[in-house]
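Everything below concerns the one structure shown next.
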Amino acid sequence: MSPLRLRIEVEKLPLREPFRIAGYIWTELDIVVATLEDGTHRGRGEACGVYYLNDTAQSLVAELGAVRGEIEAGIDREGLQRLLPRGGARNAVDCALWELDAKRAGVPVWKLAGLTAPKPLLTTITLGAEDPEIMAARALRHARVRALKLKLTGDLDIDIARVQAVRAARADVWIGVDANQSYTIDALPALIAALEIERVALLEQPLRRGCESELDGFKSSIPMAADESVLDLSELPKAVRRFDIVNIKLDKCGGLTEGLAMAHEARRLGLGVMVGNMVGTSLAMAPAFVLGQFCDVVDLDGPIFLTRDRKPAAAYDDGHIWCGDQVWGGAAALPA
């Protein structure tokens, strides 16, 4: 393994409008970009971190700084898995290594990963938790979107009104909801009954992380997805017979290497697979787009929340996302 040069940059990206979920609101985003160079080739990776784990841009920079020597001495993706724990820091470097290896091999990342040529993916567009009429108006604004994910906050009456308003505005779309750990097991039956009436297709992370055992024996008429409850490969077994699908996010699990392993193992365990994001530019969506080729549900809408994106950028058209090789992970050399 040849020596590498690691460059770490922090970028502040304003959001188009405030984004609300249960217990949090954002108006801007701090991201970390890791660039690896070997003197001939260059690879990039972007991470945002995981807010509920206090995985911030500042902590990511500190984590990478602490192992800079080991990375720059020369490291591969397998060695990185041992060097850094799950989280945004490993994600940024892992994705940079994937692109660097693709450049070295002269093939795109998807081929390096043993996949067939990628195809455009139907993606959800997320509506932040606002008043019902605001969410309905935003649903109408996304006229060409085919799938929506609605953020809930744990207030049953308001959440039901949110779903009802969006469904009334968009009778045609697939709808999933994400409670972000805001419900209790006692409130779930009433929520699910209301969601069923509105033809909601997925309920994501209703209970707090650590309360997974409360779902033992619980029967839901709507498929449930684990997000915060399953961070990485080691936590997949606890989802079995409690959830129907697992939401894999590269910032959570620590990169495309772990994400691909999780997708294969989830299938083996009989679980569906979803790919999500912590918001970010097209540079963050592109590795997840590769993983998305395996997935039943795709939620890769991060760039639409930002006032600006990278160029070249992911394309959104007719409810689909497309990340060409020129965005990230292609075989061609990058400009200096």
If ligands, DNA and RNA are left out, what is the accessible area of Asp76 with a 1.4 Å probe, given in Å² to the nearest 10? 60
Farthest toward positive dipole pole in segment 188-303 [+1 Lys/Arg, -1 Asp/Glu at C-beta], among Leu271, Leu207, Pro303: Leu271
Answer check: segment 109-263, Cα atoms, Kirkwood Rh, Rg/Rh ratio of 0.99
Please compute the length gained on full extension between Glu78 and Gln326, using 0.36 nm multiplied by the number of residues separating them and subtracting their Cα-Cα distance. 86.7 nm
Calculate the spin-label point distance for Ala117 paired with Arg267, positioning each point 7 Å from the Cα along the beta-carbon direction, and give it in nanometres. 2.1
Points 7 angstrom from Cα along the Cβ direction at Lys311 and Glu196: gap in nanometres? 5.2
The distance between the Cα centres of segment 299-324 and segment 236-282, in whole Å, is 21
Just the number: Rg to Rh for the chain, Cα atoms, Kirkwood Rh, two decimals. 0.97
Mind checking the dipole of the chain: about its Cα centre, +1 per Lys or Arg Cβ, -1 per Asp or Glu Cβ, Debye to the nearest 20? 680
Of all the accessible heavy-atom surface of the chain, with the other protein chains kept in place and a 1.4 Å probe, what percent is carbon and sulfur? 53
Two-site label geometry, Tyr52 and Ala171: point separation in nm, points 7 Å out along Cα→Cβ: 3.5
Of the options Ala169, Ile158, Thr257, report the single residue whose Cα projects farthest towards the positive end of the charge dipole of segment 135-265 (beta-carbon charges: Lys, Arg +1; Asp, Glu -1). Ala169
Could you tell me which helices of the chain pass both thresholds, a Cα extent of 24 Å or more along their own axis and a mean Kyte-Doolittle hydropathy of at least 0.5, with helices taken as whole DSSP H runs? none
List the relative contact order of segment 275-322 as a percent without decimals, with contacts defined as Cα pairs under 8 Å and 6+ residues apart. 42
Quick one: accessible surface of Val200, probe radius 1.4 Å, all protein chains present, in square angstrom to the nearest 10. 10
GNM flexibility winner over the chain from Ala139, Ala225, Ala261 (Cα, springs under 10 Å): Ala261
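The values are calculated or read from the model by the stated rules, or taken from the named source; none is laboratory data. Predicted, not measured: the structure shown is a model, and the values here were computed from it. Glycine gets a Cβ as well: all are built from the backbone with ideal geometry, and neighbour counts include every protein chain shown. Calculation scope for accessible area: heavy atoms of the full protein, side chains included, ligands and nucleic acids excluded. Shrake-Rupley method; radii C 1.70, N 1.55, O 1.52, S 1.80 Å.
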